[in-house]
């Protein structure tokens, strides 16, 4: 007989909140478990591993939708490495884009620090369509 855990016990073991578990159930990231006669959810110990996987994927920058796709690949394909690698490469590309954005934002901040009080802020100018900022 496998161990049965309450939502609070599972949440504590996985380091997440009860609400997080319910959210993941709504998103289909984990299956809603059967309920005991008293209405309490009855989780298996496998749920802890699933929750830790989700948390690690989130830490790597994957969105819940992307995690759902990764889990779908995992559950439907034995040859999933190529699909998962492609998604990881997309994450790296996004990181590169964010690094470029970081450079632009830092430059705008430096420019803003140099401007005179009576001048329009360079950050505002960069966000405004031409001809509108006056």
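The values are calculated or read from the model by the stated rules, or taken from the named source; none is laboratory data. Bear in mind the structure is a predicted one, so any value in this text is a computation, not a measurement. So basically every Cβ, Gly included, is an ideal-geometry build from the backbone, and we count neighbours across all protein chains shown.
Annotation for the stretch 39-49: at least one member residue is touching a helix residue (DSSP H, G or I) at 6+ places or on another chain (Cβ under 7 Å) and at pLDDT below 90.
The residues of the stretch 12-22 that are surrounded by fewer than 18 Cβ atoms within 10 Å (Cβ to Cβ) and either touching a strand residue (DSSP E or B) at 6+ places or on another chain (Cβ under 6 Å) or part of a helix (DSSP H, G or I) (or both), listed by number, are 12, 13, 18, 19, 20, 22.
Residues being surrounded by fewer than 11 Cβ atoms within 10 Å (Cβ to Cβ), within 14 Å of the chain's Cα centre (by Cα) and closer than 30 Å to residue 127 by Cα are entirely absent from the stretch 72-91. If you filter the stretch 23-38 down to residues that are farther than 14 Å from residue 4 by Cβ and surrounded by fewer than 15 Cβ atoms within 10 Å (Cβ to Cβ), you find that the one that is farthest from the chain's Cα centre (by Cα) is 32.
Answer with yes or no whether residue 65 is within 22 Å of residue 87 (Cβ to Cβ) and surrounded by 12 or more Cβ atoms within 10 Å (Cβ to Cβ). Considered against the rule, which asks whether it is within 22 Å of residue 87 (Cβ to Cβ) and surrounded by 12 or more Cβ atoms within 10 Å (Cβ to Cβ), residue 65 comes out as no.
What do you reckon, is residue 71 outside any helix (DSSP H, G or I), in contact (Cβ under 8 Å) with a residue 40 or more places away in the chain and within 28 Å of residue 98 (Cα to Cα)? For residue 71, the condition - outside any helix (DSSP H, G or I), in contact (Cβ under 8 Å) with a residue 40 or more places away in the chain and within 28 Å of residue 98 (Cα to Cα) - is not met. Scanning the stretch 78-109 for residues being in contact with a helix residue (DSSP H, G or I) (Cβ under 7 Å, 6 or more places away or on another chain) and either touching a residue at least 24 places away in the same chain (Cβ under 8 Å) or outside any helix (DSSP H, G or I) (or both) gives a total of 2. In the stretch 117-134, the residues that are on the phi < 0 side of the Ramachandran plot and surrounded by 12 or more Cβ atoms within 10 Å (Cβ to Cβ) reach residues that are part of a loop (DSSP other than H, G, I, E, B) and at pLDDT 80 or above with C-beta atoms within less than 8 angstrom, at least six apart or across chains, in these pairs: 133/120. Being surrounded by fewer than 18 Cβ atoms within 10 Å (Cβ to Cβ), touching a residue at least 24 places away in the same chain (Cβ under 8 Å) and closer than 22 Å to residue 84 by Cα holds for only one residue in 9, 55, 42, and it is 55. The one condition from (1) out of contact with any helix residue (DSSP H, G or I) (no Cβ under 6 Å at 6 or more places or on another chain); (2) in a helix (DSSP H, G or I); (3) farther than 30 Å from residue 51 by Cα that residue 130 does not meet is (2).
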